Amino acid sequence: MILAVLLSMAMFVLVVDTSLMNVSISAVVRDLDTTVSGVQSAIALEALVSAAFILIGSKVGDLIGRKRAYVIGLLGYAVGASAMAVAQSLLVVVIFWAVIGGIGASLLLPAMQSLIHGNFAGPAQKRVYALVGAAAAIAAAVGPLLGGFITTYLSWRIAFVLEVVIIVIVLVGIKLVHDSPYEGPRGVDVVGALLSVVGMGGIVLGVLVWQEGGESVGAFLAVGAVAMGSLVYWLIRRHRAGKPSLMNPEMFRSKPFRIGVTQQMLQQIALGGIMIALPIYLQMVLEYNAMQAGLSLAPLSLSMFVVALLAGQRAGHIRAGILVAGGFGLLTLGVAVLIPLVPRADFGWSLILPLVVAGSGLGLLVSQLNDYTLGPMSEEQVSEAAGTNSAAGSFGLSFGLAMAGAVLLATLAIGFTDQAQDSDVLPPADKDHVAQVLEDDAEVMSNTALRETLVGQPPAVADEIIRINTDVRPVALQFALLVPLVAGALGLLNSIRMIRTDSAPAATGSSPPV
């Protein structure tokens, strides 16, 4: 029982970590003297590194031992959290929290799944999987509240110190963990590993470069797309030759697995878009502190937790495809209602109804997708399939975070330029200069922070720039929310395939498990 609790504590840290960053964006921006887009890029990069290396991390665990990979993963996370506690620049956050912490997660997640499988059996194994899943759900529910409270009344740095304390407690009990030996092929698919990193990394980095206004966006995206296509070809060729490969392409012969992995990615794209756009709105537009932002996001996270718990316990007689369709339907509806509310909402709790609807949809998805995706896999394939499923989810999360942020800043740049050119207050000789500065330095700023940068400007000019900022930000946030809206709508359409797949065996006299 103690081991199960320690594993759950490790999962809690993994999930709560990103929540802390989301609700602390304004405090981190202020204390590190950086920008919202810089912090958002670090959050997206952490998810990307985790996604890009998780398949490699799974194979590393096979080769060096799952227990050793588990310990190294925890230490990587501890290094990232420790760096956040003392960081004085965004560069430290990127190197230690995003990159080293992300690599730690890529080792920790697959190793944890294998260790649960190797240390527990029968009903005990199911209970531990449920306990670890509950820890993840609880972390998602209380993370914004806990992070908001600590950031507001203590410091966001304290929250990361507490993460380190939890990791130390987990490591103290490491002797209770028995290694889970790997008996499969021990060859290393170096080419496949490189292609997976370049493929996922190129696509998300291309979006991040676009967000920061950099050049060669098309080159990054093209390299990523070519690498992903080459990875598919390489895996098939390697498998046919009977050589070890990064993942077994035969898994994708299972239609439920293919659909489930796609749905997992779309769900995480939607979640990533929501969890970057809404905290920015609450902290930069409504100028909420971390505690107020956490409370405002509570309806989303708590409804997600409650519905996931109830659906997991009571929905066994309903086909997974129907529940997933309902989940994506509620998610899409909630986001669709949020979009017109954003410019009109003067306080966070006015968003409670659409947040509860969207959170309920996410809860249904969380309760069903993993079981639906991994259910058809054999005992020999389940670990590898779980790693592939996790990689798809992590990639979706990083893509959602990056794309929503990029759309947000692109819309800001266009809006700033148009409003400056149309202004009747700005002097004609200054319009081009103001428009160029606003476009080049497009950044989500609170009116308070912007006013501080305008000290020394004529009052009329300062007031006009504040007005432009006030008008443009909600529109940009509305466009950013189109990312989770589109992902939700695509998931809803894809759910039709799930329902058809669920129903197909019934025509032949058999019924698939739900």
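The values are calculated or read from the model by the stated rules, or taken from the named source; none is laboratory data. Please read these numbers as outputs of a predicted model, since none were measured by experiment. Glycine also receives a Cβ, built like all others from the backbone with ideal geometry; neighbour counts cover every protein chain displayed. Surface accessibility is based on the protein's heavy atoms, side chains included, excluding ligands, DNA and RNA. Shrake-Rupley method; radii C 1.70, N 1.55, O 1.52, S 1.80 Å.
Figures for the structure shown
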quantity	calculated
Out of Val60, Val28, Val13, Val49, sole residue that is of a type outside the set (Phe, Trp, Tyr) and either without any contact (Cβ under 8 Å) to a residue 24 or more places away in the chain or over 21 Å from Ala391 (Cβ atoms) (or both)	Val28
Val79 closer than 27 Å to Tyr281 by Cα and aliphatic (A, V, I, L, M)	no
Search result, residues across region 308-337 that are within 19 Å of Gly488 (Cα to Cα) and outside any helix (DSSP H, G or I)	none
Candidates Ser19, Ser24, Ser37, Ser58, filtered to the one that is over 30 Å from Ser180 (Cβ atoms), surrounded by 24 or more Cβ atoms within 10 Å (Cβ to Cβ) and not charged (D, E, K, R)	Ser24
Index of the failed condition, Thr411 passing every other in (1) of a type in the set (Ser, Thr, Tyr); (2) open to solvent by less than 20 Å² (accessible area, probe 1.4 Å); (3) over 17 Å from the mean Cα position of the chain (by Cα)	(2)
Verdict on Ala406 being under 25 Å from Ile499 (Cβ atoms), in a helix (DSSP H, G or I), modelled with pLDDT under 85 and among the aliphatic types (A, V, I, L, M)	no
Meets criteria (part of a helix (DSSP H, G or I) and in contact (Cβ under 8 Å) with a residue 24 or more places away in the chain) for Met247	no
Count of residues meeting criterion [touching a Gly at 6+ places or on another chain (Cβ under 6 Å) and at pLDDT below 85] in region 230-275	3
Residues satisfying the stated conditions in region 92-104, i.e. hydrophobic (A, V, I, L, M, F, W, C) and farther than 22 Å from Ile158 by Cβ	Val99, Ile103
Residue in region 293-307 that is assigned to a helix (DSSP H, G or I), more than 20 Å from Ala139 (Cβ to Cβ) and either under 18 Å from the mean Cα position of the chain (by Cα) or not charged (D, E, K, R) (or both) present	no
Every residue from region 160-187 that is modelled with pLDDT under 90, assigned to a helix (DSSP H, G or I) and either in contact with a Cys (Cβ under 9 Å, 6 or more places away or on another chain) or not β-branched (Val, Ile, Thr) (or both)	Lys175, Leu176
Qualifying residue in region 58-77 (condition: under 17 Å from the mean Cα position of the chain (by Cα) and not in a helix (DSSP H, G or I))	no
